[in-house]
1. With the condition kept exactly as written, say whether any residue in segment B:111-118 is within 14 Å of chain A (Cβ to nearest Cβ), within 24 Å of residue A:25 (Cα to Cα), surrounded by 16 or more Cβ atoms within 10 Å (Cβ to Cβ) and over 20 Å from the mean Cα position of the chain (by Cα).
2. If residue A:57 satisfies all but one of (1) more than 13 Å from the chain's Cα centre (by Cα); (2) away from chain B (no Cβ under 12 Å); (3) part of a loop (DSSP other than H, G, I, E, B); (4) over 26 Å from residue B:168 (Cα atoms), what's the number of the condition it fails?
3. Taking segment B:144-154 only, how many residues are free of Cβ contacts under 8 Å to residues at least 40 places away in the same chain and over 18 Å from the mean Cα position of the chain (by Cα)?
4. Can you report the number of residues in segment B:157-195 which are within 12 Å of chain A (Cβ to nearest Cβ) and touching a strand residue (DSSP E or B) at 6+ places or on another chain (Cβ under 8 Å)?
5. Could you say which residue among A:47, A:32 is surrounded by fewer than 20 Cβ atoms within 10 Å (Cβ to Cβ), away from chain B (no Cβ under 11 Å) and within 16 Å of residue A:75 (Cα to Cα)?
6. Specify the residue that is farthest from residue B:94 (Cα to Cα); the eligible residues are those in segment B:134-156 that are facing chain A (nearest Cβ under 8 Å) and surrounded by fewer than 19 Cβ atoms within 10 Å (Cβ to Cβ).
7. Can we say residue B:180 is touching a residue at least 24 places away in the same chain (Cβ under 8 Å) and either closer than 19 Å to residue A:85 by Cβ or part of a loop (DSSP other than H, G, I, E, B) (or both)?
């Protein structure tokens, strides 16, 4: 499939074998484990769950993009497993020249409902890659 | 009113296999400050119990006291465990808008109370109707100000999402923990329905 050029970077198709990194705020952790509510579309206006594609990111870079990095753990999600959850669409949605948002070639949205079913299934496929100490 | 009476064993409903007698009458669950969290917990008969909420605005996370012992034997009905979980989770009520730096809204007392109320009603009703204990859930922050009720047992996992709008139905999904034997749908929180609890304990 042809790539779409968005600013200086092309928008690419993401292979199933790749991973997505996602920040999980410390208040969304329950004894160090993500609560179901951690899987939500945000920011609400874009309608997708915000993640970074492993091709252009590392867990540490994803954590560093948070407003308060030390308040955020990072999990990894396999793209193929995400796509196996009903209604979930993985879309490379790089950020370039957005007002007040740093450029991010890795940014990827996961669109689709985050209802009770999909959120419970996300709990079964994540892998913790940056832990936070002492989180309830 | 907080009268406690031991119901004679002979008058116990046949399908209500409580290990000991339980109190009936009108009861209250109070906060540390003395405000009534739940009033008129009426266990008069197994069919007409009711739980009403009063003084919602006076409740804060710091004043809910899990050691409060209502005058009925809550250990039989599982109420103490629910109140403890509610108290342990009530810290979410102190969060302000944008608490996660990603624009998530604050959690309202009304949504929190509806979630706790649903658990209390379910625990009491399930026990009195089927004589079984409802497994203990976790109360957790859900998306966009909603609240999640999460059960995980050896053979079942269930998630009920309590919406912020009291007029909306609650979304739920459950399965055997490995995507098998799924149940999904919507719940009217105002209508007692213990089929999910039956499924959860089966």
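1. So far as segment B:111-118 goes, no, none of its residues is within 14 Å of chain A (Cβ to nearest Cβ), within 24 Å of residue A:25 (Cα to Cα), surrounded by 16 or more Cβ atoms within 10 Å (Cβ to Cβ) and over 20 Å from the mean Cα position of the chain (by Cα).
2. Against the list (1) more than 13 Å from the chain's Cα centre (by Cα); (2) away from chain B (no Cβ under 12 Å); (3) part of a loop (DSSP other than H, G, I, E, B); (4) over 26 Å from residue B:168 (Cα atoms), residue A:57 comes up short only on (1).
3. Residues flagged as free of Cβ contacts under 8 Å to residues at least 40 places away in the same chain and over 18 Å from the mean Cα position of the chain (by Cα) within segment B:144-154 amount to 1.
4. Going through segment B:157-195 one residue at a time, the tally reaches 22.
5. Values: A:47 fails: within 16 Å of residue A:75 (Cα to Cα).
Of the residues listed, the single one that is surrounded by fewer than 20 Cβ atoms within 10 Å (Cβ to Cβ), away from chain B (no Cβ under 11 Å) and within 16 Å of residue A:75 (Cα to Cα) is A:32.
6. Among those that are facing chain A (nearest Cβ under 8 Å) and surrounded by fewer than 19 Cβ atoms within 10 Å (Cβ to Cβ), it is B:138.
7. On the way: touching a residue at least 24 places away in the same chain (Cβ under 8 Å): no; either closer than 19 Å to residue A:85 by Cβ or part of a loop (DSSP other than H, G, I, E, B) (or both): yes.
When the stated conditions are applied, residue B:180 does not pass them.
All of the numbers you see were taken from the coordinates with simple rules; none came from a lab. Note that the structure is a prediction, hence the values are computed from the model and not measured. Don't worry about glycine lacking a Cβ; one is built from the backbone with ideal geometry, like all the others, and counts go over all protein chains shown.
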